[in-house]
Structure formats: structure tokens, C-alpha cells
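S.K.: Have a look at this one before I ask anything.
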Amino acid sequence: MAKSPELEHPNKAFGWAARDTSGLLSPFNFSRRATGEKDVTFKVLFCGICHSDLHMVKNEWGSSIYPLIPGHEIVGVVTEVGSKVQNFKVGDKVGVGCMVGACHSCDNCDNHLENYCPKMILTYGAKYYDGTITYGGYSDTMVSDEHFVVRIPDNLPLDAGAPLLCAGITVYSPLRFYGLDKPGMHVGVVGLGGLGHVAVKFAKAMGVKVTVISTSPNKKKEALEHLGADSFLVSKDQDQVQAAQGTMDGIIDTVSAQHPLLPLIGLLKTQGKLVMVGAPEKPLELPVFPLLMGRKLVGGSGIGGMKETQEMIDFAAKHNITADIEVIPIDYVNTAMERLLKTDVRYRFVIDIGNTLKSSN
């Protein structure tokens, strides 16, 4: 007989969980494992709300296991470390992103690409090595193998730094890997949401010329004045699109809704790269002829390995890059999910776990 979530592990824990596909979150008592010899245990202070949390609480990707505690943009302060932990001590500011496990023996793991390990274990809603289900950051404590823990530099605010653990690495990694990080290059960013606004900041810090590509003309002022983009292109405006043909070295496409790729491919220079980081539910149409006519590339990228995630956080701290956030109490989380569905947030909700998550016990 499987033990209840409350009795599964020795350490009492408390969070908010979804119980079914309604996606409604409510208070939930569960338990965390004891701190193992390579584990870091920390008190959760803030947790960002990622778009994938919304998909997962409603089982829109078909892989959710209930009860489900979402959250993979988790930051806090270390309360205990295992006897063999080398890089962290009690009192350190730390974070955990999208994954908490990998095989550590495949080619991907050997090359610091744990995010592409076939046995990668997600931070929530996945089976851990001991057979129990992983629970995410909408909770008071977190335990993780130190390999998957990121050090948060002192000058990076915890609340606005939290979303970088998912949104930040999701855009930083492709900018680096696809070589779109060279000063003077011209990069387009499609979609000005949680991912897009951070992509603009990272690209600008790398010395790149940035054009925001959006369907909403009303985001122009925000993109240019607040986020520091160099130019703004309304993707529905044929004249604007035509004028920018063949001008971009690369494009980071953060949009997860259905949208045409043909106009974007047209914006690329010869040998330009269109990199997809949004995840539309249905396949997009890919016109091949325009790729042939300019030796163009369509690629993808998903988060990043641990080494690169630490590098990204350090880069963000050095260049004062944070997400633009709206901090909310935990009991507002269901309303926040409804607003996220309508993209009514600039640009990331972050739950103040430390001050507002209180156990009813």
C-alpha cells in the first residue's frame, strides 16, 4: 500500500496543490525527504509562476500526476546541507529550476547538458529515484541534490531573480549556443511576454542590436523605452515586415500560440537562424523553400544544463538583469493563473512564499 504524501518522507511540508484537471490549487500537507549526504535543504522564499505550471495543473500535456504542486522557479535560503555537500552552506541564497535529477552517465550529462538527458527528472510531477513523486516550489521547503542547486549572487534580488531559473536560461542558452551573442549582431525577439522581455535584456547586455517582433502595436513604447530594445516591428504590418527583410542574424521565437513562420524566415539574412523556444501545442507549418534559398536554419532549445544555468545567473547579476514581476500572496494564486491565461501580467507572477504561505496546522 502506497503511503500518503504526508507520511511518505520524515519531514513535514506544506504547499498548495492541484488535485484534478480543474487546475484549482488549494492548501496541501505533504512531506519532504530527509537531507541526504549530497542534498541541500532550503526554506523557500519566492517561487515564480511559469506558463508550464498552468499547462501542468490542468494536465494539458497529458503527463500530470495528482496531487500536483507546481513551481520550478524556486529561490530561498539554505537551512541544512548533507555531509558530502561541497558548494553550499547554511545561510546561502540558492535556487532550483526545472530539474532535480539526471543519469550523470550519458553523453549529454558528460557534456553539462543534463537538460537533454533522457532520464532527466523534472522538479515537479515526475518520479524521483526513490519512486516518490517530485513536488515543486509552491511550498515551504525544498530538498535537492546539490548538483541541481544554483547559487544566487548577493546583488541579485531573490524575487525578481527567481524567474531567471526557467525563463532566463530558456533564452540565454540559445543566444549563446547559436552564436547570437556577438556585439553588433541584429537579433529579433518574437513575443514580449515572460520569455521575450528577458530575452531582450540578455541580448542587449551581450551587445546585440534587438528588434522586438509583436502582433500588438501597443507594446512599442514598453519595448523601446522600458526594456531598451532598438526597434519594434508589428508582425501584421506588411510594409514594416517588407522593409526589414533579410536584416536579422537570428530570431528567438518565444510564442507558444499558432503563428506563421514564413514572415519570420523572410526577416533572416542568408544563413540566419530562427530558434524556437515557445511550445505551441499543435505543429506549425514549415515552408522549406525559403530555407533553401538562404541556407537558413530553424532550431529549438530547451532550458540549459546546470553549468550554463549558473553562468546565466552570474551574468544576470553582473549586468543587473532581472525579470519584471508582480509579487503576489499564495492565496491569490488561482486568480493569477486565470490572469496568466489571458496574458494579463507584466511579465511574471512571483509568489511571496516566505511571508504568505502559512500552514493551517
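S.K.: Looking at (1) closer than 21 Å to Met306 by Cα; (2) open to solvent by 30 Å² or more (accessible area, probe 1.4 Å); (3) free of Cβ contacts under 8 Å to residues at least 60 places away in the same chain; (4) assigned to a strand (DSSP E or B), which is the one condition that is false for Glu37?
M.R.: (4) is the only condition that Glu37 fails.
S.K.: For segment 325-341, how many residues meet the condition of being open to solvent by 30 Å² or more (accessible area, probe 1.4 Å) and touching a helix residue (DSSP H, G or I) at 6+ places or on another chain (Cβ under 6 Å)?
M.R.: 3
S.K.: Next question, about the same structure. If I filter segment 44-55 down to residues being crowded, with 24+ Cβ neighbours inside 10 Å and out of contact with any Cys (no Cβ under 6 Å at 6 or more places or on another chain), which single residue comes out as farthest from Ala279 (Cα to Cα)?
M.R.: Val44
S.K.: Now for a separate question. List the pairs whose first member sits in segment 195-212 and is within 17 Å of Ala160 (Cα to Cα) and at pLDDT below 95, whose second member is open to solvent by less than 10 Å² (accessible area, probe 1.4 Å) and of a type in the set (Lys, Arg), and whose Cβ atoms are under 6 Å apart, counting only residues at least 6 apart or on separate chains?
M.R.: Close Cβ pairs satisfying both conditions: none exist.
S.K.: Can you tell me which residues in segment 146-168 are assigned to a loop (DSSP other than H, G, I, E, B) and not aliphatic (A, V, I, L, M)?
M.R.: Pro153, Asp154, Asn155, Pro157, Cys166
S.K.: Condition first: hydrophobic (A, V, I, L, M, F, W, C) and under 30 Å from Leu24 (Cα atoms). Now tell me which residues in segment 79-101 satisfy that.
M.R.: Answer for segment 79-101, where residues must be hydrophobic (A, V, I, L, M, F, W, C) and under 30 Å from Leu24 (Cα atoms): Val94, Val96, Cys98, Met99, Val100.
S.K.: So Val171 passes all but one of these: (1) under 17 Å from His259 (Cα atoms); (2) part of a helix (DSSP H, G or I); (3) of a type in the set (Val, Ile, Thr). Which condition number does it fail?
M.R.: (1)
S.K.: Here's another thing I want to ask about it. Residues that are under 18 Å from the mean Cα position of the chain (by Cα), within 20 Å of Leu340 (Cβ to Cβ), among the charged types (D, E, K, R) and at pLDDT 95 or above: does segment 70-77 have at least one?
M.R.: Yes, segment 70-77 contains at least one residue that is under 18 Å from the mean Cα position of the chain (by Cα), within 20 Å of Leu340 (Cβ to Cβ), among the charged types (D, E, K, R) and at pLDDT 95 or above.
S.K.: Additional query: Restricting to segment 229-258, give me the number of residues that are of a type in the set (Gly, Ala, Ser), under 15 Å from Gly193 (Cα atoms) and in contact with a Lys or Arg (Cβ under 9 Å, 6 or more places away or on another chain).
M.R.: Going through segment 229-258 one residue at a time, the tally reaches 1.
S.K.: Report yes if Thr322 is among the hydroxyl-bearing types (Ser, Thr, Tyr), under 18 Å from the mean Cα position of the chain (by Cα), at pLDDT below 95 and in a loop (DSSP other than H, G, I, E, B), otherwise no.
M.R.: no
S.K.: Scan segment 315-332 and report the pairs whose first residue is acidic (Asp, Glu) and whose second residue is in a strand (DSSP E or B), with Cβ atoms within less than 6 Å and a gap of 6+ or a chain change.
M.R.: The qualifying pairs are Glu326/Phe349.
S.K.: Ok, one more. Looking for whichever is farther than 14 Å from Val40 by Cα, at pLDDT 95 or above and among the hydroxyl-bearing types (Ser, Thr, Tyr) here; the options are Ser83, Ser139. Which one fits?
M.R.: From the options Ser83, Ser139, the qualifying one is Ser139.
S.K.: Continuing with the same structure: Let me spell it out: the conditions are (1) more than 27 Å from Asn218 (Cα to Cα); (2) within 15 Å of the chain's Cα centre (by Cα), and Ala317 meets all of them except one. Which number is the exception?
M.R.: For Ala317, the failing item is (2).
S.K.: Look at Thr170 and say whether it is hydroxyl-bearing (Ser, Thr, Tyr) and open to solvent by 40 Å² or more (accessible area, probe 1.4 Å). Explain how you work it out, then say what you get.
M.R.: Working: hydroxyl-bearing (Ser, Thr, Tyr): yes; open to solvent by 40 Å² or more (accessible area, probe 1.4 Å): no.
Here the answer is no, as Thr170 does not meet what is asked.
S.K.: Okay, next question. Kindly indicate the residue of segment 153-174 that is touching a helix residue (DSSP H, G or I) at 6+ places or on another chain (Cβ under 6 Å) and hydrophobic (A, V, I, L, M, F, W, C) and also farthest from Lys89 (Cα to Cα) among those meeting that condition.
M.R.: Applying the filter and picking the extreme gives Val171.
S.K.: Determine whether segment 275-293 contains at least one residue that is open to solvent by less than 30 Å² (accessible area, probe 1.4 Å) and over 25 Å from the mean Cα position of the chain (by Cα).
M.R.: Yes, segment 275-293 contains at least one residue that is open to solvent by less than 30 Å² (accessible area, probe 1.4 Å) and over 25 Å from the mean Cα position of the chain (by Cα).
The values are calculated or read from the model by the stated rules, or taken from the named source; none is laboratory data. Note that this is a predicted model, so its numbers are computed, not measured. Using ideal geometry, Cβ is built from the backbone for each residue, glycine included, and neighbour counts are taken over all protein chains shown. All accessible areas refer to the heavy atoms of the entire protein, side chains included, with ligands and DNA or RNA removed. Shrake-Rupley method; radii C 1.70, N 1.55, O 1.52, S 1.80 Å.
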